[in-house]
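Note sheet for the following structure.
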Amino acid sequence: MQSTKSWLEISEERLRRNYDTLVRLCIAEDRSASVLAVVKARAYGHGAGLCAQVLASAGASWLGVTDAQEGALVRRSLDRTYDSREVQPRILVMCAPLPEDAAMIVANQLTPVVWSGHHLDWFSHASTAGASIPIHLEIDTGMSRQGVQPGTALDLLLDRLSKTPQLRLEGVLTHFASAEISGSSLTALQRQRFETALTQVGDRGLRPEWIHIGNSSVIDEANSLPWLQQIASRYGARSLVRSGLALYGYCLPLENASSALRDLLAPVLSWKSRIVDLHDLPPGATIGYNGAFMAPAAMRLALLPVGYADGLRRELSASNAQPGGWCMLHGRRAPIIGRVSMNLTTIDVTSIPHASFGDEVTLLGDGITAEDHAGIAHTIPYEILCGLRAEPSS
Ligand SMILES: *Cc1c(COP(=O)(O)O)cnc(C)c1O
């Protein structure tokens with residue numbers, strides 16, 4: 001049963017609009033990239049099944065998931081909205097495949113990202129009679145995370161691939177470490193390495209259909225898309241940009257350039273809870289663990305049935321010396337008071353006298369963003385969003 005203590009509200013309209021904005025920015029004179037809509041990590045906490053349906057209906061032809069399990073969930077969710085004759089979006093499994101997941105990836109028509117001989121073995125064994133499995137080859141150009149290095153390692157892998165007729169090289173990708181830094185020397189180096197890898201692939205007569213890079217900031221930063229378009233057309237491939245965060249209405253600030261994207265996006269998610277108790281405190285009352293906050297005057301507090309177990313970061317706690325986070329209540333800021341505990345949080349409603357039992361409180365949404373939380377918790381909006389444990393209300 002869905003918890004009534006806190007819940008997410010997902011604006012399908014905003015999700016669709018953000019997607020449309022990204023698509024529009026990817027198409028201009030010097031660029032014509034498609035958008036791969038990333039719904040990994042439960043769509044950054046928004047719910048992968050629902051977001052995949054919305055994005056698919058908005059026209060997304062590629063979705064990106066974390067692993068085989070999430071891919072299968074997204075496939076089932078699309079099955080519910082597509083006629084059996086209709087062509088569904090492709091689903092890219094973005095993170096390292098596991099041998100035991102190869103069969104599930106193939107059975108659900110998911111597309112794996114691969115970069116090692118083991119990967120080729122697992123997927124060639126998982127292929128069923130006659131069918132060739134499309135694979136996307138990741139090139140490590142500087143993240144040292146996933147991917148094969150250009151040069152000898154890539155050559156050896158391409159040798160093995162040429163002896164694996166069950167697999168078809170459909171895509172080649174890399175991931176930028178500093179896409180949000182305009183003019184980054186690391187990005188310049190990564191581009192160079194990617195071009196080397198593509199030359200190696202092209203020299204063998206392989207013609208991947210898709211060449212892709214990440215992430216959202218690529219769409220925001222002026223130079224990346226024209227470059228992608230240029231290298232893709234060199235190999236007769238189509239270009240694709242993997243974007244996640246921007247779909248959900250956030251983007252990293254660009255360094256050394258101004259962001260066109262930022263003002264065009266709207267946060268998709270609201271996280272709400274409700275007041276489950278109210279109490280009046282005399283001056284000097286201590287509030288929460290360690291008495292970190294002591295009422296300097298008479299105060300009225302409201303109790304919320306959420307805490308860090310739900311993803312409400314403990315860094316949002318407030319002492320008398322150090323203010324913390326806030327919620328929105330009746331359109332006004334209600335500061336968090338004392339320490340956020342595991343399942344409970346207290347907020348100051350002294351100046352909102354009509355606050356009542358059952359009133360809806362916005363933990364994230366209009367008036368309080370994931371960027372606000374990230375700023376206070378010294379992290380990035382990504383971690384705030386995918387750390388939420390609440391489920392979308394339906
Ligand atoms: C998460 C991820 C993306 C999307 O990144 P955003 O910054 O959310 O746009 C793209 N590519 C890869 C490989 C990723 O892991």
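The table for this structure:
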{"item": "Cα-derived Rg over Rh, computed across the stretch 247-290 with Rh taken as Kirkwood radius", "result": "1.32"}
{"item": "Extension gain from Ala266 to Arg314, taking 0.36 nm per residue of separation minus the Cα-Cα distance", "result": "14.7 nm"}
{"item": "Quarter of Cα convex hull surface for the stretch 72-204, i.e. mean projection, nm²", "result": "9.6 nm²"}
{"item": "Amide H within-cut-off set for Arg242, under 5 Å, with H built and near neighbours excluded", "result": "Leu36, Ile213, Gly214"}
{"item": "Value in Å of the Kirkwood radius, where the chain supplies the Cα pairs that are averaged", "result": "22.8 Å"}
{"item": "Kirkwood Rh, Cα atoms: Rg over Rh of the stretch 20-94", "result": "1.00"}
{"item": "Contour minus Cα-Cα distance for Ser84 and His118 (0.36 nm per residue)", "result": "8.9 nm"}
{"item": "Compactness relative to 2.2 N^0.38 Å, alpha carbon Rg of the stretch 109-187", "result": "1.23"}
{"item": "Magnitude of the charge dipole, the chain, Cβ model with Lys/Arg +1 and Asp/Glu -1, debye to 20", "result": "260 debye"}
{"item": "Dimensions in Å of the stretch 141-208 - Rg and Dmax from alpha carbons", "result": "13.1, 41"}
{"item": "Largest to smallest accessible area among Glu315, Glu29 [probe 1.4 Å]", "result": "Glu29, Glu315"}
{"item": "Two-site FRET efficiency, Ala28 against Gln192, from Cβ-Cβ distance with R₀ of 22 Å, rounded to 0.05", "result": "0.35"}
{"item": "Accessible area of Lys40 in the full protein assembly, 1.4 Å probe (Å², nearest 10)", "result": "70 Å²"}
{"item": "Nearest-10 value in Å² for the accessible area of Met104, using the 1.4 Å probe", "result": "70 Å²"}
{"item": "Ranked order, Tyr382, Tyr308, Tyr235, Tyr289 - accessible area, probe 1.4 Å, largest first", "result": "Tyr289, Tyr308, Tyr382, Tyr235"}
{"item": "At R0 = 45 Å, FRET efficiency that the Cβ-Cβ distance of Arg168 and Ser258 yields, to 0.05", "result": "0.60"}
{"item": "Cα point-scatterer Debye curve for the stretch 149-306, base-10 log of I(q)/I(0) at q = 0.14, 0.21 Å⁻¹", "result": "-0.80, -1.25"}
{"item": "Inter-label distance for Asp366 and Gln109, nm, one decimal - labels placed 7 Å from Cα along Cα-to-Cβ", "result": "4.1 nm"}
{"item": "Accessible surface of the chain, 1.4 Å probe, proportion on carbon and sulfur as whole %", "result": "51 percent"}
{"item": "Segment Arg145-Arg207, length gained on full extension (0.36 nm per residue, minus Cα span)", "result": "19.8 nm"}
{"item": "Backbone HN-Hα couplings from phi across the stretch 165-182 [Karplus 6.51/-1.76/1.60, Hz, Gly and Pro as x]", "result": "x, 6, 10, 10, 6, 9, x, 10, 9, 9, 10, 8, 7, 9, 4, 7, 9, 5"}
{"item": "Over the chain, relative contact order from alpha-carbon pairs under 8 Å, at least 6 apart, %", "result": "17 percent"}
{"item": "Whole-number Å³ per residue for the convex hull built on Cα positions in the stretch 216-300", "result": "195 Å³"}
{"item": "Relative intensity, log₁₀ I(q)/I(0), of the stretch 205-244 from a Debye sum that treats every alpha carbon as a point, q = 0.22 Å⁻¹", "result": "-0.64"}
{"item": "Under Karplus coefficients 6.51, -1.76 and 1.60, residue-wise ³J(HN,Hα) of the stretch 73-83 in Hz, glycine/proline x", "result": "4, 5, 4, 4, 5, 5, 3, 6, 10, 9, 5"}
{"item": "Under-5 Å amide H pairs with Ala334, H placed in peptide plane, nonlocal only", "result": "Cys327, Met328, Leu329"}
{"item": "Cα radius of gyration and Dmax for the stretch 279-394 (Å)", "result": "13.7, 43"}
{"item": "Theoretical ellipticity at 222 nm over the chain - DSSP helices of four or more residues, -39500 (n - 2.57) apiece, nearest 500", "result": "-8500 deg cm²/dmol"}
{"item": "Solvent exposure of the stretch 41-99 as accessible area per residue, Å², 1.4 Å probe", "result": "41 Å²"}
{"item": "Ranked by how many other beta carbons lie within 10 Å on average, peptides 193-202, 75-84, 135-144 from highest", "result": "135-144, 193-202, 75-84"}
{"item": "The stretch 223-330, relative contact order in percent, only Cα pairs under 8 angstrom and at least six apart counted", "result": "16 percent"}
{"item": "Kirkwood-based shape ratio for the stretch 292-344, expressed as Rg/Rh from alpha carbons", "result": "0.95"}
{"item": "Built amide H within the under 5 Å cut-off of Val340, gap 5+", "result": "Ser317, Ala318"}
{"item": "Cα-based Kirkwood hydrodynamic radius, the stretch 61-122, one decimal, Å", "result": "11.9 Å"}
{"item": "Positive-end residue, the chain charge dipole about Cα centroid, Cβ charges, pick of Gln149, Leu303, Ala179", "result": "Gln149"}
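The values are calculated or read from the model by the stated rules, or taken from the named source; none is laboratory data. As the structure is a computational prediction, the values presented were derived from the model and not from experiment. No Cβ is skipped: glycine too gets one built from the backbone with ideal geometry, and neighbour counts run over all protein chains shown. Note: accessible area is taken over every heavy atom of the protein model, side chains too, but ligands, DNA and RNA are not part of it. Shrake-Rupley method; radii C 1.70, N 1.55, O 1.52, S 1.80 Å.
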